[in-house]
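Colleague: The following block contains the structure, expressed as structure tokens.
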Amino acid sequence: MGFLSPKMPPFDMHFWFWGKRAERLKPMCQHWGEHGFAGPWGIWVLYGLKMALFVAGWLGFALATPGIGPLEAIGSWWTEPVVFQKAVIWSLLFEVVGLGGGFGPLTVRFWPPMGGFLYWLRPGTVRLPPWPSRVPLTRGTRRTGLDVLLYLGVLVAAGWLLLSPASRVDVGFGGQLRMLEPDRLVPLVVLLPLLGLRDKTIFLAARAEHYWVVTLTFFLPFVSMIVTAKLLMVLLWWAAATAKLSRIFPFTVSAMLSNGPLTPKWLRRRLFRAFPEDMRPSRGVSGSIAWLVVAVEYGCPLALLVSTARSVTLAALVLLAVFHLVIVLSAPIGVPLEWNLFIAYEAVFLFWGHFPVTLSTTADPVLPTLVAIPVVALVTWGNLRPDQVSYQMSMRYYAGNWPTSMWALRRSAIAKIHNHVTISAGFPKEQLRRLYGEQVAEVVAHRVYTFRSLHHHGRALFGLLPRAGGPDHEDAVVMEGELVAGTVLGWNFGDGHLHNEQLMAALQERCRFEPGEVRAVILESAPLGADRQEYRLVDAAAGEFERGHVLVGDMADRQPWEIDDLPVHVVSQVRPVPGDRVVEPAELDDPVTLPPQLPGLIVREPDRRHAKRRRSPRRAGTA
């Protein structure tokens, strides 16, 4: 592995294309178990420089605020609320421009390394409204001049706040404190959700579930602002911890920690049960770390919330800071590095810099409660009905329980996308081919498959591909839905609701694919406490043709490359072939063992709700 060249696995590429997909997955998973993503060292330098830019930008805007002293006097002004306010606004701007999560090689985006404003300022690109059939003036999937103006308005509003003086003075426990005027917050607070109603991608890219919600607290008096921000932060940690209460989370631990460039090889191997033949997460290391993480995310925020002793507060802050630093050093796929840096700073600012401020000190405890109630409601509903809420909005961070998809595209379909869709960049393998050539591009592209297969849901995505693509599925160009979304939408961050039927319908509108040209396996998250995940098989031209579920236990008990005989529980199956006949479910001996292809057969849906949804394959998407 060099500064610009990735480390290649030690097997003969001459035989690479001879095997099946499962046969290629096994050596790739074993190579990951020792080397992780094995990208060039230049990648880590790039991300290090980007984090330095993030910190320097915050300091620059803070120091430009009239009344804030020089950098060497930071000890006297770091607790000023305006410094925290500008950190929030700067973080939001950093993300919504495209420099934060979803940036660079760890999202298989090489050149350009970002979409963001390079894409969202261009009329004609693809946008995805969350509720086009319910919210007036949001229909359509083509970005217009109005969308560009709304996005530009968000950028200008955030920049205006960063350059604004701290002209509002409030009284804290240590005397007068400087804050931003509430009137100046209105444009950003209003424009971002308006833009989100027309394009949920940008709203999610802004990390609005955190930064925009915290911005709402800036309208409150100082003490109420601090108390509400503290409560929201505790809820964020607790929501993340709750989502990890499953046998799924150890898969995230082993996949993420094994990717860290500084993780020693001996620890990488021990993250798996019996490296290299058993690549399930180990109970002793990955399982223990998983439970430790849950304990930290529950216990430390509780200590911060109720602590009356600075020593207890300091211990909790140190543990949480180490926790988020480990995530940064692991360089997780999707790279929410700056978000983790901000979380550590926010915790220190709120709970150490304003230690005596608690719920009992605020003059009106109703205000924090009013802000917290909708957050709790959204998180709860997102865990019970994950098909209706983005995992970001329900704060299921790092839980491994995300909606995902895998697309099978014919080469003719890729050509149509290039000809009829304004995309932010070429598909990842095309970018890699220009940089490194065909062989390296093929291997690095397979590392994306490797990452997915190391998670439990990878077994389902690859196991369902033969049912989606048919007997010749090995010949299709198989691509993560994440990578399709990153290319077509200009941003991707692990949310399968950005690359489900809604994105497929937007592409179909432009490209007019023939039946079989584009098919996808769409897998939903498991509801909290459930052992099943719903799936749908969808054809871009013909719509949904199969629906069912797979069990988490079946996925978790097998190796990443054991994808050929995954038990599939079929609820309905439709084959859009002329002359189809209809068969009642009772006529089938065993609906679970239906073969991948049943031409001429339609299985009538026993549940009318599913039948209704099947007749409308172009779903509007989710929040």
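Colleague: Name every residue in region 534-557 that is open to solvent by less than 10 Å² (accessible area, probe 1.4 Å), closer than 22 Å to LEU483 by Cα and in contact (Cβ under 8 Å) with a residue 60 or more places away in the chain, in order of residue number.
Modeller: Correct list: TYR535, LEU537, VAL538, GLY543.
Colleague: Out of all the residues in region 373-403, which are aliphatic (A, V, I, L, M) and crowded, with 16+ Cβ neighbours inside 10 Å?
Modeller: VAL375, LEU378, VAL379, VAL389, MET393, MET395, ALA399
Colleague: If you don't mind, another one. Being within 16 Å of HIS457 (Cβ to Cβ) and either buried (at least 24 other Cβ atoms within 10 Å of the Cβ) or at pLDDT below 95 (or both), is that true of even one residue in region 499-511?
Modeller: Yes: region 499-511 contains one or more residues that are within 16 Å of HIS457 (Cβ to Cβ) and either buried (at least 24 other Cβ atoms within 10 Å of the Cβ) or at pLDDT below 95 (or both).
Colleague: In the list PHE110, PHE103, PHE94, PHE84, which residue meets the criterion of being touching a Pro at 6+ places or on another chain (Cβ under 7 Å) and at negative phi?
Modeller: After ruling out the rest, the residue left standing is PHE103.
Colleague: Just wondering, is there one or more residues in region 359-370 that are open to solvent by less than 20 Å² (accessible area, probe 1.4 Å), out of contact with any strand residue (DSSP E or B) (no Cβ under 8 Å at 6 or more places or on another chain) and modelled with pLDDT of 80 or more? So that I can check it myself, show each step before the final result.
Modeller: Going through region 359-370, the residues open to solvent by less than 20 Å² (accessible area, probe 1.4 Å) turn out to be 362, 368.
Then keep just the ones that are out of contact with any strand residue (DSSP E or B) (no Cβ under 8 Å at 6 or more places or on another chain); that gives 362, 368.
Adding the requirement that they be modelled with pLDDT of 80 or more leaves 368.
Yes, region 359-370 contains at least one residue that is open to solvent by less than 20 Å² (accessible area, probe 1.4 Å), out of contact with any strand residue (DSSP E or B) (no Cβ under 8 Å at 6 or more places or on another chain) and modelled with pLDDT of 80 or more.
Colleague: Would you check which residues across region 272-303 are under 30 Å from VAL45 (Cβ atoms), buried (at least 22 other Cβ atoms within 10 Å of the Cβ) and touching a residue at least 60 places away in the same chain (Cβ under 8 Å) and list them?
Modeller: PHE272, MET279
Colleague: Still on this structure, I have one more. Which of the helices (runs of 4 or more DSSP H) found entirely inside region 465-569 contain at least 3 residues meeting this: over 22 Å from CYS29 (Cα atoms) and among the aromatic types (Phe, Trp, Tyr)?
Modeller: Numbers: elements: 481-489, 501-511, 552-556.
In region 465-569, there are no helices (runs of 4 or more DSSP H) which contain 3 or more residues that are over 22 Å from CYS29 (Cα atoms) and among the aromatic types (Phe, Trp, Tyr).
Colleague: Further question on the same structure: Out of region 140-167, which residues are surrounded by 19 or more Cβ atoms within 10 Å (Cβ to Cβ) and not hydroxyl-bearing (Ser, Thr, Tyr)?
Modeller: ARG143, ASP147, LEU150, VAL154, ALA157, ALA158, LEU161, LEU162, ALA166
Colleague: If VAL45 satisfies every condition in (1) within 30 Å of ARG447 (Cα to Cα); (2) surrounded by 14 or more Cβ atoms within 10 Å (Cβ to Cβ) but one, which is the exception?
Modeller: (2)
Colleague: Residue by residue through region 166-178, note down the ones that are in contact with an Asp or Glu (Cβ under 7 Å, 6 or more places away or on another chain) and part of a strand (DSSP E or B).
Modeller: ARG168, LEU177, ARG178
Colleague: Further, regarding this structure: Is it the case that some residue within region 172-191 is open to solvent by 40 Å² or more (accessible area, probe 1.4 Å), among the hydrophobic types (A, V, I, L, M, F, W, C) and within 16 Å of PHE218 (Cα to Cα)?
Modeller: yes
Colleague: Just checking, how many residues over region 110-139 are open to solvent by less than 10 Å² (accessible area, probe 1.4 Å) and not aromatic (Phe, Trp, Tyr)?
Modeller: If we filter region 110-139 for residues that are open to solvent by less than 10 Å² (accessible area, probe 1.4 Å), which is where we start, we get 115-116, 119-120, 125-130, 138.
Filter once more, so that each one left must be not aromatic (Phe, Trp, Tyr): 115-116, 125-130, 138.
Number satisfying all stated conditions: 9.
The values are calculated or read from the model by the stated rules, or taken from the named source; none is laboratory data. What you see is a predicted model; the values in this text were computed from it and never measured. Virtual Cβ from ideal backbone geometry, glycine too; neighbours counted across all protein chains shown. The area values use the complete protein model at the heavy-atom level, side chains included, leaving out ligands, DNA and RNA. Shrake-Rupley method; radii C 1.70, N 1.55, O 1.52, S 1.80 Å.
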